[in-house]
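S.K.: Shown below is the structure under consideration.
The values are calculated or read from the model by the stated rules, or taken from the named source; none is laboratory data. Please read these numbers as outputs of a predicted model, since none were measured by experiment. Cβ coordinates were reconstructed from backbone atoms using ideal geometry, including for glycine residues, and neighbour counts include every protein chain displayed. Accessible surface areas use protein heavy atoms only, side chains included; no ligands, DNA or RNA. Shrake-Rupley method; radii C 1.70, N 1.55, O 1.52, S 1.80 Å.
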Amino acid sequence: MSVALTLTEPRPRKAAPRHLADLDLAGCQSVLSEIGQPAFRAKQLRQQYFGRHVGDASQMTDLPAAAREAIGEALLPRLLQPIRVDSCDDGRTVKAVWRLYDGALVESVIMAYPDRVTACVSSQAGCGMACPFCATGQGGLDRNLTTAEIVDQVVNAARLAEERGLGRLSNIVFMGMGEPLANWNRLKAALHLITKPVPDGIGISARNVTVSTVGLVPTIEKLAAEGLPVRLAVSLHAPDDELRDELVPINTRWKVAEVLGAAWEYARVTKRRVSIEYAMIRDVNDQPWRADLLGKLLKGRLVHVNLIPLNPTPGSRWDASPKPVEAEFVRRLRDAGVSTTVRDTRGQEIDGACGQLAASVREAGTPGRTAAEPPGASGAAE
Ligand code: SAH
């Protein structure tokens with residue numbers, strides 16, 4: 001395996017532009033006063049941005065036309081430049097590739113279901129966790145996203161979902177690029193902004209927000225102490241340390257028993273059922289004995305298992321488990337009394353499925369192909 005596990009925070013190449021999603025109300029007001037604008041505009045801006053998902057001051061018709069440009073420059077720079085927006089599954093899955101102010105690339109995916117609209121967002125550009133079956137993990141860590149860059153993915157997803165008639169964004173999963181708990185301070189601030197009611201935040205119920213982690217135990221404890229009832233998903237992928245050391249390299253630091261211990265404590269404190277993510281990899285982690293061992297570890301706990309058919313990444317030696325093997329794995333877990341489902345595989349044709357994010361644009365070597373194109377202008381795969 002070529003990619004090293006990285007826990008240290010990389011230094012940003014240059015400072016991120018100032019954006020209202022990185023400021024509180026008072027901070028926003030003081031920037032406005034610096035540019036000679038009345039403080040009450042802060043509330044207007046936050047209402048427009050968080051509540052109506054308008055990110056461009058020139059479209060804020062409740063601001064005086066003459067002031068829009070100065071306000072936009074001071075507080076609403078464009079953080080995410082759309083490089084491409086593709087859709088599949090009849091337009092019900094949409095993947096956006098964004099370029100950040102320093103050229104870093106991130107992706108987010110919107111999935112519309114009959115009862116909810118979910119955005120899968122990124123917390124880092126790249127990832128330092130080096131899981132060998134994951135495309136993002138194979139690219140290494142580029143940098144942490146700022147709070148505003150995380151929040152702006154949600155605001156853009158909400159707007160895209162509305163523009164495309166998919167409905168109101170209801171759920172957020174931190175299952176895009178990056179390890180959210182390795183970017184804890186920004187993630188924490190973003191979680192508060194995503195869940196606070198408008199105009200202080202986007203107003204998505206914390207119960208509909210999922211934070212997925214490889215299992216950074218001390219930070220799971222911090223998340224539990226935060227008092228936000230978000231759902232915790234733990235990417236387990238193996239019930240035994242020997243295999244998990246290979247599949248999820250951070251396991252060499254925090255073992256299966258410690259990760260599960262933190263998960264049960266999280267469930268106790270938040271009273272929320274924990275999700276266990278388990279990618280089904282043919283002949284690697286899909287043996288009946290591993291299903292039985294997993295069942296033994298999870299039995300009687302406030303837990304749900306999500307089995308994810310492996311999405312093979314380019315050049316990977318691994319493949320998804322055959323369906324009968326998967327069915328037997330499910331049966332054994334359910335026999336142990338563990339609630340289990342198999343995740344649907346949305347977004348495969350547009351490289352938007354689990355573990356596929358952010359490989360394609362970089363590999364194709366076409367950065368900024370359609371940087372001027374607004375979201376919704378391409379929609380290639382429909
Ligand atoms: N770093 C976090 C969140 C990002 S990944 C985490 O690991 O939980 C979201 C989920 O997709 C994780 O469970 C991850 O293990 C899984 N995943 C990664 N690559 C995959 C692949 N090729 N096929 C299926 N699932 C994959």
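S.K.: With a cap of 11 neighbouring Cβ atoms within 10 Å, and only residues DSSP puts in a loop, list the trypsin sites (Lys or Arg not before Pro) found in region 220-288.
M.R.: Counting only loop positions with at most 11 other Cβ atoms within 10 Å, the trypsin sites (Lys or Arg not before Pro) in region 220-288 are Lys271.
S.K.: Tell me, what % of the accessible area of region 189-313 is carbon and sulfur with a 1.4 angstrom probe?
M.R.: 51 percent
S.K.: Ignoring everything but the protein chains, give the 1.4 Å probe accessible area of Asp292 in square angstrom, nearest 10.
M.R.: In the full protein context, Asp292 sits at about 70 Å².
S.K.: Hey, what's region 263-323 come to in accessible area per residue, 1.4 Å probe, Å²?
M.R.: 47 Å²
S.K.: Looking at the square roots a ≥ b ≥ c of the eigenvalues of the Cα gyration tensor of region 164-300, which shape do they give, rounded for a/c under 1.5, prolate if a/b is larger than b/c, or oblate?
M.R.: prolate
S.K.: For a quick check: with amide H placed at 1.01 Å from N, whose amide H comes under 5 Å from Gly126's, ignoring anything fewer than 5 positions away on the same chain?
M.R.: Amide H neighbours of Gly126: Asp142.
S.K.: Might you list the cysteines of the chain that have no disulfide-compatible partner by the rule of another cysteine's Cβ under 4.7 Å?
M.R.: Cys28, Cys88, Cys120, Cys127, Cys354
S.K.: Next question. Translational D (Stokes-Einstein, µm²/s) of the chain at 25 °C and 0.890 mPa s when Rh comes from the Kirkwood sum over C-alpha pairs?
M.R.: So the translational diffusion coefficient is about 115 µm²/s.
S.K.: For region 32-134, which whole percent of the accessible surface, found with a 1.4 angstrom probe, sits on carbon and sulfur atoms?
M.R.: The value for region 32-134 is 48 percent carbon and sulfur by accessible area.
S.K.: With every protein chain left in place, what is the accessible area per residue of region 184-251 in square angstrom, probe 1.4 Å?
M.R.: 32 Å²
S.K.: Calculate, for region 1-134, the solvent-accessible area per residue in square angstrom, rolling a 1.4 angstrom probe over the heavy atoms of the protein chains.
M.R.: Ligands and nucleic acids excluded, the figure is 43 Å² per residue.
S.K.: How much FRET efficiency would the formula 1/(1 + (r/R0)^6) give for Glu242 and Asp335, where r is the Cβ-Cβ distance and R0 is 35 Å, rounded to 0.05?
M.R.: Given R0 = 35 Å and the Cβ-Cβ separation, E is 0.90.
S.K.: Would you compute, from DSSP H runs of 4+ residues alone, the mean residue ellipticity of the chain at 222 nm, taking -39500 (n - 2.57) per run and dividing by the full residue count, rounded to the nearest 500?
M.R.: Result for the chain: -9500 deg cm²/dmol, rounded to the nearest 500.
S.K.: Please name which of Leu169, Leu333, Leu223 has its Cα lying farthest along the dipole of the chain towards the positive end, using unit charges on Cβ (Lys, Arg +1; Asp, Glu -1) and the Cα centre as origin.
M.R.: Leu223
S.K.: Leaving out ligands, DNA and RNA but keeping every protein chain, what accessible area does Ser339 have, in Å² rounded to the nearest 10, with a 1.4 Å probe?
M.R.: Surface open to solvent at Ser339 totals about 40 Å².
S.K.: Now a separate question. Compute the semi-axes of the equivalent ellipsoid of region 32-113, taking the square root of 5 times each eigenvalue of the Cα gyration tensor, and list them largest first in whole Å.
M.R.: Over the Cα atoms of region 32-113, the ellipsoid semi-axes are 30, 15, 10 Å.
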